[in-house]
Amino acid sequence: KDVSFRLFDCLIEGVNGSWWLERSSLEDVARKLEVKCVPIIGYIDHLPETAQDLYMIISESVVAREESGTGATPEGVVAKSDPLVYDKKGNMLIWKLKMKDFKKVEKS
């Protein structure tokens, strides 16, 4: 019902390079800034292949329920590995999958 902010990632820039914070450190930063982190909705061992697969993971928005008391269908999910994995250039491997990326599938 109102505008809110959720901390998702935090990149630290240092004299010896930069790095992304692990979840526990991210939560510590959020606490100190008095903001909430995006919720962890679970851990998966395979990528969703259909909209129904994705819907089974994120059938209701945790954030919408926390912020307004009602659940809404989430836009999608952003996922990263635990522990974090990086490519050869030092970029964190991450993926975002939106419900709209799939063809329209009826919910059962």
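Structure notes:
- Selection within region 50-95: residues that are surrounded by 12 or more Cβ atoms within 10 Å (Cβ to Cβ) and assigned to a strand (DSSP E or B). The member of this set that is modelled with the lowest pLDDT is Gly76.
- Members of region 7-23 that are part of a strand (DSSP E or B) and either exposed (fewer than 10 other Cβ atoms within 10 Å of the Cβ) or touching a helix residue (DSSP H, G or I) at 6+ places or on another chain (Cβ under 7 Å) (or both): Leu7, Leu11, Glu13, Gly14, Gly17, Ser18
- Region 13-36 residues that are farther than 21 Å from Leu93 by Cβ, paired with ones that are in a helix (DSSP H, G or I) (beta carbon under 9 Å, 6 or more apart): Val35/Val29; Lys36/Ala30; Lys36/Val63; Lys36/Glu66
The values are calculated or read from the model by the stated rules, or taken from the named source; none is laboratory data. Owing to the predicted nature of the structure, the values given are computational and were not obtained by experimental measurement. As a convention, Cβ positions derive from the backbone with ideal geometry for all residues, glycine included, and neighbour counts pool all protein chains shown.
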